[in-house]
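Only one structure is covered here, and it is reproduced in the block below.
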Amino acid sequence: MSMSPSIEAYVAQQPELAWRRTMMRRFIRVVGFGALWQMDITGRENIPDTGPAIIMMNHISMIDPVLCMGAILNRFVIPMTKVENMKNPVIGPLVRWWGAYSVDRDAVDRKALINSIELVKSGQLILIAPEGHRQKDGLTQPKDGLSYVATKADAVIIPTGIAGAQDWADRLKRAQRPAVRLHFGRPFRFRTEGRSRIPREELALMSQEAMYQLASAVQDEALRGVYHDLSQATTDTLEFVG
């Protein structure tokens, strides 16, 4: 897959977005973390200061990416968001202001894949929810997009578990401040042995092993879903970092 001029321009634009992201992160922390949600954030030391990296996040609510955007302080995370959010009159301007990029979840979105790969190759930190859709009741089978991007870009993956955000809006309506736990787990890479092409079956195994690492990072066992039995986890395709 070759990089189009629009993708090349988007990747080159990232340093220019730092001032916007600084302002928005401050807003998230003051309003979101200070007033709306009670945040318990652990494992920030697992986020590398520099280099190609991916936040691998479970997805249980619409605020999950915002939580990560506010919680990560040593660099900026670039979220992949569904194309519908770009068109939303409320969310859209905020997503574009931060400089997120869109993905069509109902198709094989080659542009989103190339965006992801090139951003990571350039040393950025991106955010991907491997299941593709919100799963309020616990982890389910992932797509292989994250594994594909990570192997192409030799990325460090930080499994990031979120718990307590499922019913945040309902709790606020009842004048309750939701308690949200966010944990950045042990970072790892996929073992590629220098190969640029990974067979589909091996990508699928990588995805499964990564999902168990994500499950381990989710602090609420009820949200681990089909990966609740951590004794079944294997690490044949993983290489832990740090």
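The values are calculated or read from the model by the stated rules, or taken from the named source; none is laboratory data. If you're wondering where the values come from, they're calculated on a predicted model, not measured in any experiment. Here the Cβ is made from the backbone with ideal geometry for all residues, glycine too, and neighbour counts use every protein chain on show.
Considering the conditions (1) at pLDDT 95 or above; (2) surrounded by 10 or more Cβ atoms within 10 Å (Cβ to Cβ), Trp19 is excluded by exactly one of them, (2). Annotation note: of Ser102, Ser116, the sole residue that is assigned to a strand (DSSP E or B), more than 24 Å from Asp40 (Cα to Cα) and not basic (Lys, Arg) is Ser102. Scan segment 148-180 for residues that are part of a strand (DSSP E or B) and over 30 Å from Arg200 (Cα atoms) and jot them down. Selection gives Ala163, Ala179, Val180. The set of residues from segment 189-218 being in contact (Cβ under 8 Å) with a residue 60 or more places away in the chain and surrounded by fewer than 17 Cβ atoms within 10 Å (Cβ to Cβ) comprises just one member, Ala204.
Take Ser61 and tell me if it is touching a residue at least 40 places away in the same chain (Cβ under 8 Å) and crowded, with 18+ Cβ neighbours inside 10 Å. So Ser61 fits the description; yes. Looking across segment 219-242, the residues that are assigned to a helix (DSSP H, G or I) and touching a residue at least 60 places away in the same chain (Cβ under 8 Å) come down to Ala222, Leu223, Gly225, Val226, Tyr227. Segment 1-87 holds strands (runs of 3 or more DSSP E) entirely within its bounds, and those carrying 1 or more residues that are within 14 Å of Tyr101 (Cβ to Cβ) and out of contact with any Gly (no Cβ under 6 Å at 6 or more places or on another chain) map to 53-57, 77-82. If we keep just the residues of segment 226-238 that are buried (at least 18 other Cβ atoms within 10 Å of the Cβ) and not aliphatic (A, V, I, L, M), which is farthest from Leu182 (Cα to Cα)? Per the criteria, the residue is Thr237.
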